[in-house]
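Working notes, structure below.
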Amino acid sequence: MGRRSTKENKSIWQTTRESLGLTREKAGELIPGFSPERIEKIENGRTQIQPEDALLLAKYYRAPALLNYYCCNECPIGEIHAVRTESKELAQIAVETLNAVNKMNRCKDRLLEIVEDGQVRRDEYEDFMEIKKTLDRIAQSVSNLKLWMEEQIASGRLEQPAEE
């Protein structure tokens with residue numbers, strides 16, 4: 001039987017494993033190619049986690065949010081370009097999405113005015129950046145909805161229909 005960790009600043013990799021009630025030994029048996037030692041090194045940051053490691057951990061821990069965490073915090077490209085996804089309730093995601101889409105509907109005429117000449121002039125820059133913020137909110141909402149769906153599927157609360 002594995003020991004319980006008393007470490008205070010645990011990594012997301014460790015807290016996710018522990019939330020499932022798995023020891024490193026049990027996780028090593030569950031995940032192909034992983035040993036308790038490898039898991040310990042990843043959890044304590046003593047080895048650089050690789051994309052394929054993150055994929056396996058997310059799959060076997062049934063924790064799709066780990067992929068977004070990896071992309072936003074461990075991958076140098078994702079740290080710059082990935083949309084940070086949050087686990088939220090479906091109703092909240094829907095409200096945020098509709099609010100962002102409604103705001104974009106109000107902005108679309110201004111966007112057309114700005115891009116009509118193929119450039120963004122100084123006097124248009126502020127409006128253009130506000131439109132970008134609205135588009136970023138839509139992207140955030142879409143990402144949150146995709147995560148919600150992946151979490152529901154991983155947990156078995158949302159089943160894919162059987163193919164006929």
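The values are calculated or read from the model by the stated rules, or taken from the named source; none is laboratory data. These numbers were taken from a predicted model, which means no experiment stands behind them. Reconstructed Cβ throughout: ideal geometry from the backbone, glycine too, with neighbour counts over all protein chains shown. Note: areas computed on protein heavy atoms with side chains; ligands, DNA, RNA excluded. Shrake-Rupley method; radii C 1.70, N 1.55, O 1.52, S 1.80 Å.
So residue 108 clears everything in (1) closer than 28 Å to residue 87 by Cβ; (2) in a helix (DSSP H, G or I) except one condition, right? Which one?
It fails just one condition, (1).
I'd like to know if the range 47-55 contains one or more residues that are at pLDDT below 95 and in a helix (DSSP H, G or I).
no
What residue, among those in the range 82-117 that are among the acidic types (Asp, Glu) and either within 11 Å of residue 148 (Cα to Cα) or modelled with pLDDT under 95 (or both), is nearest to the chain's Cα centre (by Cα)?
86
Among the candidates 153, 138, single out the residue that is β-branched (Val, Ile, Thr), in a helix (DSSP H, G or I) and out of contact with any Ser or Thr (no Cβ under 8 Å at 6 or more places or on another chain).
Of 153, 138, the one residue that is β-branched (Val, Ile, Thr), in a helix (DSSP H, G or I) and out of contact with any Ser or Thr (no Cβ under 8 Å at 6 or more places or on another chain) is 153.
Looking at (1) in contact (Cβ under 8 Å) with a residue 24 or more places away in the chain; (2) part of a helix (DSSP H, G or I), which is the one condition that is false for residue 37?
The one condition residue 37 does not meet is (1).
Take the range 112-135 and flag every residue that is within 21 Å of residue 97 (Cα to Cα), open to solvent by less than 100 Å² (accessible area, probe 1.4 Å) and of a type in the set (D, E, K, R).
Answer for the range 112-135, where residues must be within 21 Å of residue 97 (Cα to Cα), open to solvent by less than 100 Å² (accessible area, probe 1.4 Å) and of a type in the set (D, E, K, R): 127, 130, 132.
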